[in-house]
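What follows is calculated from the coordinates using simple rules that are stated; it is not laboratory data. Model, not experiment: these values are computed from the prediction. Note: ideal-geometry Cβ built from the backbone for every residue, glycine included; neighbour counts use all protein chains shown.
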Amino acid sequence: MNHHYYEKDQTDLHSKPTTFDFFFQNEKFVFHSDDGVFSKKFIDYGSYVLLKTLNFSQLRTPILDMGAGYGAICIPVAKLTSEEVYAAEINERAFHLLEQNAVENHVRIRSYHSDLYEQLPQSVVFQTILTNPPIRAGKKVVFAIYEGAYQRLGPLGELWVVIQKKQGAPSSREFLRNRFGNCEIVAKDKGYYILKAVK
């Protein structure tokens with residue numbers, strides 16, 4: 001059976017664990033990874049571009065990483081903001097790795113094994129949502145992440161998206177401008193766009 005990293009059930013997928021280090025802003029992060037997750041052997045460049053674009057001292061809380069994978073974005077954010085960060089991930093294997101990596105890196109992650117926003121507590125009003133959306137899941141899923149972000153953000157809450165130009169940055173920007181009434185291109189790097197929409 002062929003698996004995609006955005007699928008929920010990975011129970012019949014062969015396991016081949018690996019561990020790698022990631023250095024960012026004078027911090028060393030240790031990530032455990034495995035087959036069947038996105039960017040198994042290293043932090044993908046898109047996540048890195050998003051991380052280096054963020055001003056950690058200005059991120060408003062609560063913060064959510066939607067589609068968190070094994071924690072490539074939320075774990076550095078939690079470490080560098082000293083905040084508890086929410087994280088949602090559909091892939092069961094990635095979800096368990098996320099929890100393992102949070103312990104490994106001594107950060108507080110409130111993690112949810114969730115299809116999009118389904119399992120997240122309704123009482124929480126997020127002020128920052130970060131996402132490196134699962135492009136291979138298709139535009140319907142990606143736009144559902146954006147729509148859900150609009151529903152779950154508080155007033156002046158911010159959605160930050162990293163996406164490649166060739167994989168849908170223009171259509172994402174159009175959707176966000178229509179839904180939020182604004183969408184800024186904050187950065188461009190090697191074909192990756194960092195988009196920010198404010199509610």
From the option list 43, 75, single residue qualifying as of a type in the set (Val, Ile, Thr), in contact with a strand residue (DSSP E or B) (Cβ under 9 Å, 6 or more places away or on another chain) and either assigned to a loop (DSSP other than H, G, I, E, B) or closer than 22 Å to residue 190 by Cα (or both) is 43
Which residues, counting only those in the stretch 173-199, are touching a residue at least 24 places away in the same chain (Cβ under 8 Å) and part of a strand (DSSP E or B)?
186, 187, 189, 192, 193, 194, 195, 196, 197, 198
Subset of the stretch 70-90 (residues that are out of contact with any Leu (no Cβ under 9 Å at 6 or more places or on another chain) and either surrounded by 24 or more Cβ atoms within 10 Å (Cβ to Cβ) or of a type in the set (A, V, I, L, M, F, W, C) (or both))
78
Does the stretch 112-123 contain any residue that is in a loop (DSSP other than H, G, I, E, B), of a type in the set (A, V, I, L, M) and under 23 Å from residue 146 (Cβ atoms)?
yes
Options 31, 20: the member that is assigned to a strand (DSSP E or B), more than 26 Å from residue 158 (Cα to Cα) and out of contact with any helix residue (DSSP H, G or I) (no Cβ under 9 Å at 6 or more places or on another chain)
20
